[in-house]
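Quick notes on the structure that follows.
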Amino acid sequence: MQYNNEKKKILIVMTGGTIAMKDTPNSGIVPTTDFVDFLHSFPQLNSVANVEMIEFSNVPSPYMTPQKMLELAQMIDLKIVDYDGAVVTHGTDTLEESAYLCDLVLTTRKPVIFTAAMRSGSDLGLDGPRNIIGAVRVASSHESMDKGVMVVMNDEIHTARDVSKADTGKVDAFVSRGYGPLGYVDPDRIVYHRQTLYRESVWTDKIEQNIDLIKASAGIDGRYIRCSMQHGVKAIVIEAFGRGNLPRDIIPDIKAAIEQGILVVITSRTQTGRVLPEYGYDGGGKNLQDCGALLAGDMKGIKIRLKLMALFGKYQNADTVRRFFLQSIE
Ligand code: ASP
């Protein structure tokens, strides 16, 4: 198939992950150094774009930290000046977090596309090469400008904001639940079929890492909140039940945290939908809001935590963060 795009100059930034790993007889699937050679010897790649490569790291993505994600974004912002777009190869496990933090802090309008592989280099039916070609083609498309950071997996294009890894092993593990992909990588062209309406930036060169995420489960009490308070956190994100509800016994600890100046932000442990101040019983969403907790709309816990890290890094002060946070929640 001949591709329609004129050849663009695309930078591939490698961070590691299964896409750069192989299965070994005694040590399981581990990072290799052959990935760069593999990319160099991958003829289709240079037929779709003029590609150059740079290694940021070669780590499994559970080793990524918010600070490393920020450094990755800073590297991309500096380097992309000399390219038409960038593709980031990453492990799937924390890809949605790296992509989202980059989406918040990157200042470039050029396409930055994250991709990965669900199967290692020694697996049958490996998906990495196809995903990389797809990502490079999306990065080369003029329609990809100004769309924020996107994720290309399994011939689908997702926003960094909405995508999540929803399966531990399947090649179609990445989904945008509730919204669907932005578009597709088809053999003849890149097809966008919807717009990104919710995008925001927090242009910061620092992040605040001391922000915790707590997931509610039946019978949860305040011990995790007390632990977070003892560690001097700036904010606590709670993935509450349903519309944003919690048991009543946790309320005294939430109130104590808020009185100490800690931002308490409520999201839902459900996969889609917004949290709302609907229920007025002790621990219900309305009651939590009345106690001073913030409700986080449709955003999920791991991404709200990163957004607070960026907001605290930029503004430092809890009250300013609260005001910026509230104006950005839909
Ligand atoms: N554990 C691996 C990682 O995230 C999985 C992957 O790359 O897909 O690095």
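The values are calculated or read from the model by the stated rules, or taken from the named source; none is laboratory data. Note that this is a predicted model, so its numbers are computed, not measured. In this analysis, Cβ positions are derived from the backbone assuming ideal geometry, glycine residues included, and neighbour counts consider all displayed protein chains.
Structure summary
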{"read-out": "Search result, residues across the range 101-126 that are β-branched (Val, Ile, Thr) and either within 16 Å of the ligand (Cβ to nearest atom) or within 23 Å of GLY169 (Cα to Cα) (or both)", "value": "ILE113, THR115"}
{"read-out": "Count of residues meeting criterion [free of Cβ contacts under 8 Å to residues at least 60 places away in the same chain and under 28 Å from THR272 (Cα atoms)] in the range 221-237", "value": "8"}
{"read-out": "Out of ASP253, ASP282, sole residue that is more than 30 Å from LYS68 (Cβ to Cβ), of a type in the set (D, E, K, R) and part of a helix (DSSP H, G or I)", "value": "ASP253"}
{"read-out": "Residue within the range 148-157 that is small (Gly, Ala, Ser), over 20 Å from ASN46 (Cα atoms) and surrounded by 20 or more Cβ atoms within 10 Å (Cβ to Cβ) present", "value": "yes"}
{"read-out": "When residues of the range 40-57 are limited to those that are within 16 Å of the ligand (Cβ to nearest atom) and out of contact with any Gly (no Cβ under 8 Å at 6 or more places or on another chain), the one farthest from GLU96 (Cα to Cα)", "value": "GLU55"}
{"read-out": "Criterion (more than 12 Å from the ligand (Cβ to nearest atom) and modelled with pLDDT of 95 or more) met by exactly one of VAL36, VAL88", "value": "VAL88"}
{"read-out": "Scan of the range 167-182 for residues that are under 11 Å from ILE157 (Cβ atoms) and hydroxyl-bearing (Ser, Thr, Tyr), ordered by number", "value": "SER176"}
{"read-out": "SER201 being more than 18 Å from the chain's Cα centre (by Cα) and either modelled with pLDDT of 95 or more or under 27 Å from GLN67 (Cβ atoms) (or both)", "value": "no"}
{"read-out": "The range 139-198, residues that are among the polar types (S, T, N, Q) and modelled with pLDDT under 95", "value": "GLN195, THR196"}
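Quick grid of which residues meet (1) closer than 20 Å to TYR192 by Cβ; (2) hydrophobic (A, V, I, L, M, F, W, C):
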{"position": "GLU71", "(1), (2)": "no, no"}
{"position": "VAL87", "(1), (2)": "yes, yes"}
{"position": "PRO111", "(1), (2)": "yes, no"}
{"position": "PRO129", "(1), (2)": "no, no"}
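Listed here are the residues, each with its yes/no results for (1) away from the ligand (no atom under 16 Å from the Cβ); (2) more than 18 Å from the chain's Cα centre (by Cα); (3) buried (at least 19 other Cβ atoms within 10 Å of the Cβ).
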residue	(1), (2), (3)
LYS68	no, no, no
ILE76	yes, no, yes
ILE80	yes, yes, yes
THR92	no, no, yes
ALA99	no, no, yes
GLY128	no, yes, yes
SER141	yes, yes, yes
